[in-house]
Every structure is written in structure tokens, then in C-alpha cells.
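Written out below as C-alpha cells is the structure these notes cover.
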Amino acid sequence: MVRHETHTEHAMETQRIGIVMNGVTGRMGTNQHLVRSITAIIEQGGVKVSPDLTLMPDPILTGRNANKLQALAETHGPAAIGQPYKFTTDVDAAVNGKHGDYEVFFDASGTLQRAGFLEMACASDNIKAVYCEKPTATETSKALAIAEMVEKAGKKNGVVQDKLWLSSFRKLAMLKGLGFFGDILSVRGEFGYWVFTGLDLDQPAQRPSWNYRAEDGGGIMIDMFCHWDYVIRNLFGPIQSLVAHGNVDLPKRRAEDGGVYDATADDSAYAVFLLEDGTVCQFNSSWCTRVRRDDLLTVQVDGTKGSAVAGLREVYTQAAANTPKPVWNPDIPQPINFYEGWELVPNNIEYDNAFKIQWELFLRHVALDEPFPWDLRAGARGVQLAELGMQSWREKKWVDVPAL
Ligand SMILES: NC(=O)c1ccc[n+]([C@@H]2O[C@H](COP(=O)([O-])OP(=O)(O)OC[C@H]3O[C@@H](n4cnc5c(N)ncnc54)[C@H](O)[C@@H]3O)[C@@H](O)[C@H]2O)c1
């Protein structure tokens, strides 16, 4: 760790944290991690942890394509650091100190590449901490092996669990803390939207093609159940068992190179998660559904004393006292406008980007040893839930979730 003393009026110290950012040319790597997290943190003047200490990330971008890296470095570096970010296609050299002092390794490459890169980082004495996107693998055994490898090497570690810091889910946690719901009876999550196949004129696909190929780590269960695991666990409690069904709804799609490919991975998945305390959480996930709801993800919580519906940012509540009394009668137009019986939860604080909040917590963990429970072991639990979902689908039965 290099400490730079800068002498201002009150001898403020800025602690530089070098970060190797790998797979940063991808969708998540560029938008959420480089632009909206690390660059945003640099531009806001670092993570101010006390009046005397600021943590300042200093990234080097790594990936396979030098031209793409250079374009990223030149687009985002100047406004943040007054010059292009450093970059290299030699990841191994970057983690081994050949380009300067970098103590954090971050990976947002493809899921199937993750283990190899984490192994590379783990083997370097320069790297003190690793942080990566989810899922950490497509099999529980592999995800656990990665966690154990990194723990054994004594590296601090973390996995992206961004949805925990969505403003809407923080509001749900607040409502729960206030006792708004009474006893929570059930939770219903609706996730998804139409992802174009790319087969129709002027209707390009809006997600990477590997998402729809099982052989490349794709599939909606492995993608989304990792999220449902930590969302449900943190907001409502641990999952005891599940039953799930998946499907490949659209068998052909067009890839980035223009060619048509066979979609081999599930693009819709339907699951019931039964929590240890008996709460039922039902989650539908689909890339083949058209949205008529408040947001791309909505989570409805029904409790004895009140209900809430969370989108990605806003939450609407309906208390027991405000609950309308519908009467079933399809012979007349519906007399109740059900949307009118809900109240918007106000934004009483400013909510930052969820990825950025978790990054700041990780940097504090690295520099100050603050707790960071969202580690590779927690990430492995998400992979486990996805794998058990696929088992339930295959075997057409309920499966228990064993402790990891
Ligand atoms: N937290 C979230 O909400 C969230 C959302 C979407 C994706 N993800 C995860 O983030 C990861 C990346 O997803 P994405 O949507 O950005 O995909 P993407 O295809 O846009 O990006 C993948 C990146 O990995 C790089 N890459 C692929 N193979 C490589 C190799 N062999 N060597 C080096 N680099 C390689 C690609 O060049 C690209 O930069 C995936 O693991 C995905 O599951 C997380």
C-alpha cells in the first residue's frame, strides 16, 4: 500500500489503491464498474473516510483488445485523472507489478473466464484483494473451490451483490424495520423484459449472445438466481427449499457477428423459494416477456398489516387501513382503480449508484479492514441456488438447500 502525503491546511492524507480492472470492455465492466463506480469515485474526490483520510482508486484497464482498451482509457481517463487511464493486454504482468503497484484485482469478464483470472490474481503476491462479478462459476463445487483458494491465499475478497443497494430494496428493508408489514406472508418477484432475438428487421438484440448459450455460461437461472439468493436472504431470511422450472422459449437468435445461433440456455425460469420461517417467495424471470408493471423488476411483499411493491428505485405501499374491498363481478367495468390505493415512499435521502456504493465499501474493507460479508463464499451460495434450480427443473421436484 503506497501512502501519498499531500499537505493541505489539515494534513489530509490520500491513500492510493491500485486496481487491475479486467474484462472492463464488457457491458458491466464499462458501464457499471469503470464509468459509474471507479471513475465516479475519482471524480467525486475519492472515498472520504475521515476528515484526515481519503481513499483514491487508481485503475489499470486490462482485456484482450488493445484498441478497445485504449478507446476506453481515452474516453474516461482525462476527465477523472487529467490523462488517459493506463491499460494493458497483459493481465499477468499487471497483477505481478510490471505496470506499477496494484493491490486489488477486479474481474468482470465472462463467467467461464472468471476462475482462470482469479487463479492468476491469487498466485500473485502483489494482489492483496480480489473482487468480481457474479456468478463466480456455473457450478457450486467450482464456486466453492474458488472461494477456498482465495481464502487460503489470504486475500480479502468480494462478489458483486449490487441489488442490495438498490434504493427500492433499501426502502423495503426500512419498511420491514419499521414493522410496516406486520407478519410477512409472501413475496412475489417479477423480473424480465423482451430481449430481441435480432432476427427481425431493425430489431437488434440488446444483450450479449453468450447469455443464451449454456455452453458459454449463459442461462437465466444461473444469471438471476444468484441475485435472488442474496436479495431474499438479506431482506426476508434464508431459503430452505425450492421448486423451479425453466425453458428455452426462443430457440434461435442472432449473434454479434450477424450469424444465427441455437439458443441452448433457459431464457425463462419460474421458481418458488420456501424460506426457513415459512415465508413463500415466488420469482418469475424471463427475457421473453413484455412489461406491463412499474419496472423491469418488481417485488411485491404482502404482510398482515400492509403491502409494498418495489421497482428498481421507487416503492409503493398500501397499509391495512387503506386496502380497498374488491368484489368479483366481471359483468361490470372494474369500479376500483387499484393503482390509486398506493402511496409512494418518499426519497428522504439521496440514493447513489448501487455498484458504486458496494465498491466504496470494498475499498474501505481493503484499506481499513471494515467488514465485507459479501465475499466469494456468499457468491457461491448464489451459484448453489441456481444449480439447485436446474436440478429441480430436471428432476421435476422440490429440493432442499443444504448449508454450504
Ligand atoms: N451484477 C449484475 O447485475 C450483472 C449483470 C449482467 C452481467 N453480470 C455478470 O458480469 C459478467 C460480464 O457480463 P457482461 O454482460 O458485461 O458481458 P459482456 O459479454 O458484455 O462482457 C464480457 C467481457 O469479458 C471479456 N472476455 C470474454 N472472454 C474473455 C477471455 N477469454 N479473456 C479475457 N476477457 C474475456 C469480453 O471481452 C468482455 O469485455 C458476467 O459474469 C455476468 O454474469 C452481472
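We did not get these values from a lab; they are worked out from the coordinates using the rules stated. Here the structure is a predicted model, which means the values were calculated and not measured. With ideal geometry, Cβ positions are generated from the backbone for all residues, glycine too; neighbour counts draw on all protein chains shown.
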Looking at the square roots a ≥ b ≥ c of the eigenvalues of the Cα gyration tensor of the chain, which shape do they give, rounded for a/c under 1.5, prolate if a/b is larger than b/c, or oblate?
-> prolate
Tilt of helix 167-178 relative to the longest C-alpha principal axis of the chain, in degrees (0 to 90, nearest 10)?
-> 60 degrees
Hey, what do the phi angles of segment 45-60 turn into as Karplus ³J(HN,Hα) couplings, whole Hz, using 6.51/-1.76/1.60 and θ = phi - 60°, x for Gly and Pro?
-> x, x, 9, 7, 9, 7, x, 10, 9, 10, 9, 10, x, 9, x, 10
Using modelled amide H (1.01 Å from N, peptide plane; none on Pro or chain starts), what sits under 5 Å from the amide H of Val315, excluding residues fewer than 5 places away?
-> Val345
Treating the angle as unsigned and between 0 and 90°, give the value, to the nearest 10°, between the Cα long axis of helix 140-152 and the longest Cα principal axis of the chain.
-> 40 degrees
So which of Lys128/Lys156; Lys134/Lys356; Lys176/Lys305; Lys98/Lys142 end up more than 18 Å apart, counting from Cα to Cα?
-> Lys98/Lys142
Set the Förster distance to 30 Å, then compute FRET efficiency between Ala255 and Thr75 from the Cβ-Cβ distance, nearest 0.05.
-> 0.75
Listed by chain and number, the aspartates and glutamates with an alpha carbon less than 14 angstrom from that of Lys152, same-chain partners under 8 positions apart left out, are Glu119, Asp125, Asp375
A correct Karplus calculation of ³J(HN,Hα) over segment 66-73, with 6.51 cos²θ - 1.76 cosθ + 1.60, θ = phi - 60°, whole Hz and x for Gly and Pro, returns 4, 5, 5, 5, 4, 4, 5, 4
Return, ordered by residue number, the residues of segment 143-175 whose backbone nitrogen is under 17 Å from a label point located 7 Å along Cα→Cβ of Glu350.
-> 167
Sticking with the crude label model, points 7 Å out along Cα→Cβ, report the distance from Trp398 to Val327 in nm, one decimal please.
-> 3.8 nm
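Using a 10 Å cut-off around each Cβ, can you sort Trp328, Trp194 from fewest to most neighbouring Cβ atoms?
Trp328, Trp194
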Measure off 7 Å from each Cα along the Cα-to-Cβ vector at His245 and Lys48, then give the distance between these two points in nanometres to one decimal.
-> 5.5 nm
Which shape class applies to segment 117-163: rounded if a/c is under 1.5, otherwise prolate when a/b exceeds b/c and oblate if not, where a ≥ b ≥ c are the square roots of the Cα gyration tensor eigenvalues?
-> oblate
Using only Cα atoms, tell me the angle between helix 376-395 and the longest principal axis of the chain; keep it within 0 to 90° and round to the nearest 10.
-> 40 degrees
Long-range amide H partners of Trp194 with built H, under 5 Å | Thr289, Val291
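Only counting other Cβ atoms within 10 Å, I'd like Leu385, Leu376, Leu361 sorted with the fewest neighbours first.
Least crowded to most crowded, the residues run Leu361, Leu376, Leu385.
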Determine ³J(HN,Hα), in whole Hz, for all residues of segment 126-136 in sequence, where each value follows from phi through the Karplus function 6.51 cos²θ - 1.76 cosθ + 1.60 and θ = phi - 60°; x replaces Gly and Pro.
-> 5, 7, 9, 8, 10, 9, 7, 6, 9, x, 6
What does the helix-only formula give at 222 nm for the chain: each DSSP H stretch with n ≥ 4 adding -39500 (n - 2.57), the total divided by the residues, and the result rounded to the nearest 500 deg cm²/dmol?
-> -8500 deg cm²/dmol
Value of relative contact order over segment 230-338, rounded to a whole percent, pairs C-alpha under 8 Å and six or more apart = 16 percent
Taking 0.36 nm per intervening residue step and subtracting the Cα-Cα distance, what contour gain separates Asp125 from Glu276 on full extension?
-> 50.2 nm
